[in-house]
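Peer 1: Dumping the structure here so I can ask a few things about it.
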């Protein structure tokens with residue numbers, strides 16, 4: 001049997017970048033300045049700084065003083081480090097989610113495992129993109145899933161995972177997701193135990 | 001050493017403006033300085049009054065060459081020249097026996113006052129300095145220096161800026177009045 005029961009990548013979630021702080025290069029700023037006719041009495045560096053700090057204020061206005069706990073999903077599906085990769089993939093596929101936290105017996109967060117972790121270890125390409133794996137599967141006889149067959153969650157998970165506390169302001173969470181290029185972050189209480197999970201989708205939902 | 005590494009700079013120079021911007025800057029400066037220079041040489045010269053001072057050259061850079069700059073707006077142009085002129089005259093009259101101190105206190109205080117009144121206009125520093133080092137003719141004006149040439153010259157240059165800077169479609173002036 002090939003990879004048919006594996007997780008179907010949730011493209012909707014992966015592409016949603018609602019709260020991304022735009023990554024502006026100096027070149028972007030310089031080009032934008034060129035589009036304005038007339039001499040702008042400001043350096044590209046300063047303009048960028050002003051833009052980003054205005055963006056942060058806008059984010060704060062959108063999400064107000066709301067904290068991680070106000071937007072997080074409380075019913076979290078999770079796996080343990082010893083869960084087989086097959087079970088983890090089935091769980092994610094069945095629930096239609098693209099990543100789950102990895103918890104120890106006391107519900108402490110050990111890491112996160114996501115579609116991206118699977119894809120990074122499948123196929124030969126380095127980018128770990130879904131389409132690259134598809135291409136490999138179609139084009140060659142080798143199955144993309146071979147390298148990870150029989151593995152455990154602990155083989156693939158990203159660990160340690162970034163976590164946020166329940167009290168973290170949503171604007172900070174948005175910042176973290178963007179800077180680390182991740183799609184979800186586990187939310188923990190003061191002793192480090194998992195209480196929820198916050199995705200990019202949760203952030204868009206609350207800002208609408 | 002963070003102190004020294006700060007001296008390397010962090011960003012790059014803003015882009016060069018279009019050629020039309022260069023031409024309109026030239027036209028504005030030509031007309032603006034023509035106006036104050038004509039008044040000076042054709043009307044005021046025989047009266048002992050002054051209409052043109054060096055700092056107007058610097059104002060021309062801003063109000064004809066960088067028309068969007070906050071430093072080039074009417075509030076800054078007028079406020080900067082007039083307030084700095086008053087400071088300069090006061091510094092000269094109080095400290096004329098120590099010209100170096102009068103000069104430095106005039107410029108430094110002018111900058112502080114322009115900051116506090118949100119009228120920062122770099123040529124104002126020159127207007128304050130000229131009040132001290134500008135020679136007999138300027139000293140003889142006393143506080144009248146703040147009215148003519150500072151206020152009047154700035155007003156004439158402002159009028160030219162309003163007329164010229166709003167001709168091209170891609171330009172407008174001012175960004176704000178007050």
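The values are calculated or read from the model by the stated rules, or taken from the named source; none is laboratory data. This one's a predicted model, so the numbers in the text were calculated from it and none came from an experiment. With ideal geometry, Cβ positions are generated from the backbone for all residues, glycine too; neighbour counts draw on all protein chains shown.
Peer 1: For the stretch B:27-69, how many residues meet the condition of being more than 14 Å from chain A (Cβ to nearest Cβ), at negative phi, assigned to a loop (DSSP other than H, G, I, E, B) and surrounded by fewer than 21 Cβ atoms within 10 Å (Cβ to Cβ)?
Peer 2: Residues in the stretch B:27-69 being more than 14 Å from chain A (Cβ to nearest Cβ), at negative phi, assigned to a loop (DSSP other than H, G, I, E, B) and surrounded by fewer than 21 Cβ atoms within 10 Å (Cβ to Cβ): 3 in total.
Peer 1: How many of the residues in the stretch A:22-44 are at pLDDT below 85, surrounded by 15 or more Cβ atoms within 10 Å (Cβ to Cβ) and in a helix (DSSP H, G or I)?
Peer 2: Final tally of qualifying residues: 1.
Peer 1: Let me ask something else about it. Does the stretch B:70-88 contain at least one residue that is farther than 29 Å from residue B:163 by Cα and buried (at least 23 other Cβ atoms within 10 Å of the Cβ)?
Peer 2: yes
Peer 1: Sort out which residues of the stretch A:188-208 are farther than 12 Å from residue A:107 by Cβ and either in contact (Cβ under 8 Å) with a residue 12 or more places away in the chain or surrounded by 17 or more Cβ atoms within 10 Å (Cβ to Cβ) (or both), and write them in order of number. Let's see the steps before the verdict.
Peer 2: First, pick out the residues of the stretch A:188-208 that are farther than 12 Å from residue A:107 by Cβ: A:190, A:197-208.
Scanning the stretch A:188-208 gives A:190, A:197, A:198, A:199, A:200, A:201, A:202, A:203, A:204, A:205, A:206, A:207.
Peer 1: Looking at (1) modelled with pLDDT of 95 or more; (2) in contact with a helix residue (DSSP H, G or I) (Cβ under 8 Å, 6 or more places away or on another chain), which one does residue B:152 not meet, given that it meets all the others?
Peer 2: Single failed check for residue B:152: (2).
Peer 1: Can you name the residue in the stretch A:131-161 that is buried (at least 17 other Cβ atoms within 10 Å of the Cβ) and either part of a loop (DSSP other than H, G, I, E, B) or at positive phi (or both) and, of all such residues, is modelled with the lowest pLDDT?
Peer 2: A:144
Peer 1: Which residues, counting only those in the stretch B:123-138, are crowded, with 20+ Cβ neighbours inside 10 Å and either free of Cβ contacts under 8 Å to residues at least 12 places away in the same chain or more than 15 Å from residue B:106 (Cβ to Cβ) (or both)?
Peer 2: The answer is none; no residue qualifies.
Peer 1: Give me the residue from the stretch A:65-85 that is touching a residue at least 24 places away in the same chain (Cβ under 8 Å) and out of contact with any helix residue (DSSP H, G or I) (no Cβ under 8 Å at 6 or more places or on another chain) and, out of that set, farthest from residue A:175 (Cα to Cα).
Peer 2: Of all residues in the stretch A:65-85, those touching a residue at least 24 places away in the same chain (Cβ under 8 Å) come to A:65-74, A:76, A:78-85.
Adding the requirement that they be out of contact with any helix residue (DSSP H, G or I) (no Cβ under 8 Å at 6 or more places or on another chain) leaves A:65, A:69, A:74, A:76, A:78.
Working: A:65: 15, A:69: 16, A:74: 21, A:76: 22, A:78: 24 Å.
The qualifying residue farthest from residue A:175 (Cα to Cα) is A:78.
Peer 1: Sort through B:141, B:120 and tell me the only one that's within 14 Å of another protein chain (Cβ to nearest Cβ) and either touching a residue at least 24 places away in the same chain (Cβ under 8 Å) or in a loop (DSSP other than H, G, I, E, B) (or both).
Peer 2: Going through B:141, B:120 in turn, the sole match is B:120.
Peer 1: Could you run through the stretch A:47-79 and say how many residues are farther than 26 Å from residue B:19 by Cβ and within 14 Å of chain B (Cβ to nearest Cβ)?
Peer 2: Selection size over the stretch A:47-79: 5.
Peer 1: Something else: Residue under question is residue B:77, and the condition is that it be touching a residue at least 12 places away in the same chain (Cβ under 8 Å) and in a helix (DSSP H, G or I); does it hold?
Peer 2: yes
Peer 1: A follow-up question, please. If residue B:24 satisfies all but one of (1) within 14 Å of chain A (Cβ to nearest Cβ); (2) under 29 Å from residue B:79 (Cα atoms); (3) modelled with pLDDT under 95, what's the number of the condition it fails?
Peer 2: (3)
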